[in-house]
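Undergrad: Below is the structure I would like to discuss, written out as structure tokens.
The values are calculated or read from the model by the stated rules, or taken from the named source; none is laboratory data. Note that the coordinates shown come from a computational prediction; the quantities given were computed from them, not determined experimentally. Note that we place each Cβ from the backbone using ideal geometry, even for glycine, and neighbour counts take in every protein chain shown. Quick note on the areas: whole protein, heavy atoms, side chains included, nothing else; ligands and nucleic acids left out. Shrake-Rupley method; radii C 1.70, N 1.55, O 1.52, S 1.80 Å.
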Amino acid sequence: MLVTFKSHASPTITMLENLAQFLLGLVGKKLGERGAIGEDEMGEAIAKLEAAIAEDNAAAKKESEGKKSEERDEDDRLRLAQRAYPLLDMLRESRKENVAVMWEVGNR
């Protein structure tokens, strides 16, 4: 299933349900058929997502220490930052304009 995130402040984002569920869990929300991150929750959601990205980046750095560059290339995978930045950017833009971020789960 796909989850579509919408905000009047930025373009629509569509992602797979499992990623959306994970990212929403990081910011303290549960994935339902529909939901929203309100204006009053935006600051905390951004801070939680940024903290999770920083923690993941630190773990990646620790993992890559001592590895040869060939091993790092083989072990390279999408980190949380690459997966979370579209939603993080949407949250930041929405915060600037004081609008909510809404989502809905669809079958397409």
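Undergrad: Is it the case, given these coordinates, that residue 71 is part of a helix (DSSP H, G or I) and at pLDDT below 95?
TA: Numbers: part of a helix (DSSP H, G or I): yes; at pLDDT below 95: yes.
Yes; evaluated as a whole, the condition is true for this residue.
Undergrad: Look at residue 38 and say whether it is over 11 Å from residue 104 (Cα atoms), touching a helix residue (DSSP H, G or I) at 6+ places or on another chain (Cβ under 9 Å), exposed (fewer than 15 other Cβ atoms within 10 Å of the Cβ) and not β-branched (Val, Ile, Thr).
TA: Numbers: over 11 Å from residue 104 (Cα atoms): yes; touching a helix residue (DSSP H, G or I) at 6+ places or on another chain (Cβ under 9 Å): no; exposed (fewer than 15 other Cβ atoms within 10 Å of the Cβ): yes; not β-branched (Val, Ile, Thr): yes.
No.
Undergrad: For residue 84, which of the numbered conditions (1) at pLDDT 95 or above; (2) under 22 Å from residue 98 (Cα atoms) fails to hold?
TA: Only one criterion in (1) at pLDDT 95 or above; (2) under 22 Å from residue 98 (Cα atoms) is unmet by residue 84, namely (1).
Undergrad: Between a residue in segment 12-29 that is on the phi > 0 side of the Ramachandran plot and any residue that is open to solvent by less than 40 Å² (accessible area, probe 1.4 Å) and not acidic (Asp, Glu), which pairs come within a Cβ distance under 9 Å, given they are 6 or more apart or on different chains?
TA: Here the result reads 28/45, each pair linking segment 12-29 to a residue that is open to solvent by less than 40 Å² (accessible area, probe 1.4 Å) and not acidic (Asp, Glu).
Undergrad: Every residue in segment 77-108 that is over 16 Å from residue 5 (Cβ atoms) and open to solvent by 70 Å² or more (accessible area, probe 1.4 Å), please. Full working, then the answer.
TA: So in segment 77-108, the residues over 16 Å from residue 5 (Cβ atoms) come out as 77-82, 96, 98, 107.
Of everything in segment 77-108, those that are over 16 Å from residue 5 (Cβ atoms) and open to solvent by 70 Å² or more (accessible area, probe 1.4 Å) turn out to be 77, 78, 82, 96, 98, 107.
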